[in-house]
Structures are given as structure tokens and as C-alpha cells.
Amino acid sequence: MTQTYPTAEKAAELLERVRVRRPRVHCLMNTVVQKFTADGITVIGAIPSMTSSPDEIADFVSKADVLTVNLGTLDAERRNVIERAVEIANDAGKPWILDPVHCDYSPSRLAFARTLIARRPSVVRGNKAEMALIGKTGDILGIETGAADQLTDGTRSVTVRNGHRWMAEVTGTGCLSGGVIAAFLTVEPDALAAATAALAATGVAAEQAAEFARGPGSFGVAFLDTLSALTPEALRKAARIDHDH
Ligand SMILES: Nc1ncnc2c1ncn2[C@@H]1O[C@H](COP(=O)(O)OP(=O)(O)OP(=O)(O)O)[C@@H](O)[C@H]1O
Ligand SMILES: Cc1ncsc1CCO
Ligand SMILES: [Mg+2]
């Protein structure tokens, strides 16, 4: 069967679509990087909301176009809220993404991540250590980020080679990428194409930011500037997307 693979042209088209649609992205985000993640979602052209209040989660997920579930600062109440949010997203047929932060530190968190994966997110994204434990995710798009981002949906595999080493020195670039991927999921049903475009966009913005930042601190700020200013044309030219065939 002939496979369709995401291209730089497709990434540019999807960036344009996100900016036109201005999707609502609800985030159950860890408490460490809420602001940075919300800023990343805003500058890509989407609208973030971040509440984890049990009595409001149903309304927020119902009004959102997509949900981001991040396990970074898990506690008993947050687990319940996550389960409720996932149920609402699934019942409404809305896409959601799981970031199993630090599942490599705690067996109970890894077990919780597995129960969530059984409820079929559109995407699971983690760093190398996290995805080594999560393992294969079958036909659910699995993404291991790092110097190169590796994406596979069980049939097709893609590598995004954009980015800068300072991304690894700013806490929350991975969490932020989850929010940006979520925004792209609302404009493209092929999760592989959506996530490839999102990671190329953040990677190209990081390369541009590194040209005028002086280190990780100023890079974090510059990255929001360049992600905000990123044009579809600049993304098309600078995206480095490879695939397996
Ligand atoms: N050495 C590197 N060179 C280029 N890009 C990188 C490098 N390391 C990480 N990145 C990029 O940084 C982002 C975060 O990836 P990483 O794997 O570090 O996530 P993470 O560990 O989950 O981050 P966090 O938990 O702080 O949010 C991704 O977009 C990835 O492409
Ligand atoms: C450092 C840290 N601890 C919990 S969440 C988080 C941020 C992203 O991983
Ligand atoms: Mg992480």
C-alpha cells in the first residue's frame, strides 16, 4: 500500500491552518511549566486554558477543541481530574495527547500512564527515558523527542531533525511541545502529520532563537519571540523531515 508521509509543505500548510482556526487547547499541565506552556500555545496561534478544578473540568474540556494531559506533578486529585477529562474528551470524540512525564521515576506513575494509553490518546510524547519504558504504542502515535524527534504510528516512521541543544536546558520545552502538538491535532486528522508539523515549527523557531540568545535563559524568551513570528514560508524552507521509505 502506498503511504503518505508529512512534508515541509504540509507543515507550512498546517501552521497556517492553526493560525486561522485559533483552536482552544485545554491543558492538565504540571505546575512547573504552566506559564511557559500557555505562552507557547498562545504564540503558535491557539488559545490555552489550564484549570484542573474538579468541579469545572467538564465544562472546560467540553468547550475545548483538544486536551493535553501531562503527568509532571501528579497527585490523587489530579489523577481523578485527568480520568474525568479523558472520559469527556473520548465521549465527545476530541483528540488528546498524553505526556507521561517522569514515568521512569515511579512504578505507580508508569502504571497510570499505561491505563491512560489503554483509553487511546491520539499521541503519546515523552523524552528518551520515558518512552523507553512506555515502549511500543501500536497504532497510537508514539513520539520520542530529543536531538532528533522520532515519531511512529506503527505503520510509518518520521524523524524531525530541527531544534537546538539549548531546548534541553530550558525546563518545559517538551511539555510546551505537547501543547503545540495538541493545537495542530485540531486542524489535521492524521496525527503523524500534525505532530511532525508541530515539532518542525518548534524546532525551526528554536534554531532562529539560538542565533540571537546568549544562553538558555535568554533563549527561552527568544524562542517565544521566534515561534510567534514564524511564517509558514520560513517553516517550509527550514523544516528537516525524514521518513523511513
Ligand atoms: N540536543 C537537542 N538538540 C535539539 N533539540 C533538542 C535537543 N534536546 C531536546 N530537543 C528538543 O527539545 C524539546 C524537548 O525535548 P526533550 O526530549 O528534552 O523533552 P523533555 O525531557 O520531556 O522536556 P521537559 O520535561 O523539560 O518538558 C523537543 O522539541 C526536542 O526536539
Ligand atoms: C521538573 C519537573 N518536575 C515535574 S514536571 C517538571 C517539568 C517538566 O518536566
Ligand atoms: Mg518531559
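Modelled spin-label separation between ARG84 and THR231, with each label point placed 7 Å from Cα along the Cα-to-Cβ direction: 4.6 nm. Straight-line cross-link reach from LYS94 at under 18 Å between alpha-carbon atoms covers these lysines, not counting any fewer than eight positions away in the same chain: LYS63. Taking all Cα pairs closer than 8 Å and separated by 6 or more residues, the relative contact order of the chain comes to 25 percent. What lysines sit close enough to LYS10 to cross-link, taking a C-alpha to C-alpha distance under 17 Å and skipping anything fewer than 8 places away on the same chain? Once the sequence-local lysines are set aside, what remains near LYS10 is LYS237. Evaluated on region 87-170, the Kirkwood hydrodynamic radius is 13.6 Å, with distances taken between all distinct Cα atoms. Counting Lys and Arg as +1 and Asp and Glu as -1 over every other residue whose Cβ lies under 10 Å from the Cβ of LEU185, the net charge comes to -2.
Net charge within 14 Å of LEU224 by Cβ-Cβ distance, Lys/Arg positive one each and Asp/Glu negative one each, not counting LEU224 itself? Net of charged neighbours comes to -1. If exposed trypsin sites (Lys or Arg not before Pro) are those in a DSSP loop with at most 10 other Cβ within 10 Å, what is the longest stretch of the chain that has none? Here the longest run is 1-135.
Counted by Cβ distance under 13 Å from ALA195, the other residues give a net charge of -3, where Lys and Arg count +1 and Asp and Glu count -1. Under the classification rounded if a/c is under 1.5, otherwise prolate if a/b is larger than b/c and oblate if not, where does the chain fall, given a ≥ b ≥ c as square roots of the Cα gyration tensor eigenvalues? The shape class here is rounded. Kindly work out what percent of the DSSP beta bridges joining two residues of region 8-243 are antiparallel, to the nearest 5. Given both bridge residues lie in region 8-243, the antiparallel proportion sits at roughly 35 percent. Give the carbon-plus-sulfur fraction of the accessible surface of the chain in %, rounded to a whole number; probe 1.4 Å, heavy atoms of protein chains only. Solvent-exposed carbon and sulfur of the chain make up 52 percent of the total.
Considering only ALA193, ALA147, ALA38, the mean-square fluctuation computed in a Gaussian network model of the chain, springs between alpha carbons under 10 angstrom, is largest for ALA147.
The values are calculated or read from the model by the stated rules, or taken from the named source; none is laboratory data. What you see is a predicted model, and the numbers here were worked out from it, not measured in a lab. All Cβ positions, even for glycine, are placed from backbone atoms using ideal geometry, and neighbour counts span all protein chains on display. Please note that ligands, DNA and RNA were not included when accessible areas were found on the heavy atoms of the full protein model with its side chains. Shrake-Rupley method; radii C 1.70, N 1.55, O 1.52, S 1.80 Å.
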